[in-house]
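The structure under discussion appears below in the form of structure tokens.
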Amino acid sequence: MSGLPGTLCRRRIYLMRHADVSYFDAAGQPLDPRHVPLTETGRQQAAAAGKLLAAVAFDAAICSGLARTEETARLVLGERDLPLRHEPRFKEVKAGRLADIPAARREQVIAHAYDDAPLPDAAFMGGERWRDVQTRALAAWDDLFAENAWLNLLLVAHDAINRILLAHIVGVGLAGLRAFEQDPACLNIIEVDVAAGRPQRAFLRAVNLAAYDPVRAGSHLTVLEKILRQYKPTDGDRAKA
């Protein structure tokens, strides 16, 4: 690409989080997160992102393969004749059972789930270890740049995965996860200078931009605080606590 020294090529990644879903049923009980679809609000959010990105000439599009990322990506791509690839290493971190979390620790474990990520063997809500998630996500990230067929890439992933990628770019590792809020259907714009199929330098053009509410006028809760409030423990869960 012109203006760059030597053999460097500057590539742009439009990194999105999937749009709004409900992780709980009407009674506040957890649904299988592998299969939850977008809500009507989520479809409107993704459509707004699609309008914002309508003029972008994407060369490639990737999602995690879970229904919520695929649906978001297809709404953003609209009528573009572009294959949508699945990369399972970008799938969301797996949580443990919310019912196993003692009541006294629910706020810390759920609403502040990113705080302990840099600790040795720390896991997400008692599920997948953070270092394992980081390893798979960054391996998939590095593999993107071995491909020579794209300059503008749409990548639709998940809250935790996006945080891992953003924290990696600014060099703070897992300790930085707590700082990168990722609202539904948000957009992050990342530019990466690549040489010989390997990233040399990366920087951020935009972080957590929501086309449907750029200034977040009506929302002060984080994504995980909303999840904590939506979860309604059963009597059995309360008894365990």
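The values are calculated or read from the model by the stated rules, or taken from the named source; none is laboratory data. Predicted model only: the values in this text are computed from it and were never measured. As a convention, Cβ positions derive from the backbone with ideal geometry for all residues, glycine included, and neighbour counts pool all protein chains shown.
Numbers at a glance
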item	result
Unmet criterion (only one of (1) within 22 Å of V223 (Cβ to Cβ); (2) small (G, A, S); (3) surrounded by fewer than 17 Cβ atoms within 10 Å (Cβ to Cβ); (4) touching an Asp or Glu at 6+ places or on another chain (Cβ under 7 Å)) for A149	(1)
All positions within segment 118-139 that are in contact with a strand residue (DSSP E or B) (Cβ under 9 Å, 6 or more places away or on another chain) and under 20 Å from C186 (Cβ atoms)	A137
Filter pass, R43 being among the charged types (D, E, K, R), farther than 30 Å from R201 by Cα, without any contact (Cβ under 8 Å) to a residue 40 or more places away in the chain and surrounded by 12 or more Cβ atoms within 10 Å (Cβ to Cβ)	yes
The lone exception for R85 - which of (1) in a strand (DSSP E or B); (2) surrounded by 22 or more Cβ atoms within 10 Å (Cβ to Cβ) it fails	(2)
Those residues of segment 19-49 which are of a type in the set (G, A, S) and over 18 Å from Q182 (Cβ atoms), in sequence order	A26, A27, G28, A47
Considering residues of segment 207-236 that are small (G, A, S) and free of Cβ contacts under 8 Å to residues at least 40 places away in the same chain only, the residue farthest from G28 (Cα to Cα)	A217
Unique match (being within 15 Å of the chain's Cα centre (by Cα) and more than 19 Å from T39 (Cα to Cα)) among L177, L224	L177
So G78, is it free of Cβ contacts under 8 Å to residues at least 40 places away in the same chain, out of contact with any strand residue (DSSP E or B) (no Cβ under 8 Å at 6 or more places or on another chain), within 20 Å of I161 (Cα to Cα) and not acidic (D, E)	no
Which listed residue is modelled with pLDDT of 95 or more, assigned to a loop (DSSP other than H, G, I, E, B) and among the acidic types (D, E), from D132, D32, D116	D116
Matching residues in segment 17-40 - criterion: being without any contact (Cβ under 8 Å) to a residue 40 or more places away in the chain, surrounded by 15 or more Cβ atoms within 10 Å (Cβ to Cβ) and among the small types (G, A, S)	none
Flag if R74 is touching a Leu at 6+ places or on another chain (Cβ under 9 Å) and on the phi < 0 side of the Ramachandran plot	yes
Some residue of segment 95-111 being touching a Ser or Thr at 6+ places or on another chain (Cβ under 9 Å), crowded, with 21+ Cβ neighbours inside 10 Å and either aliphatic (A, V, I, L, M) or within 24 Å of R12 (Cβ to Cβ) (or both)	no
Flag if E191 is farther than 29 Å from R129 by Cβ and charged (D, E, K, R)	yes
D143 out of contact with any Pro (no Cβ under 6 Å at 6 or more places or on another chain), surrounded by 13 or more Cβ atoms within 10 Å (Cβ to Cβ) and either among the acidic types (D, E) or part of a strand (DSSP E or B) (or both)	no
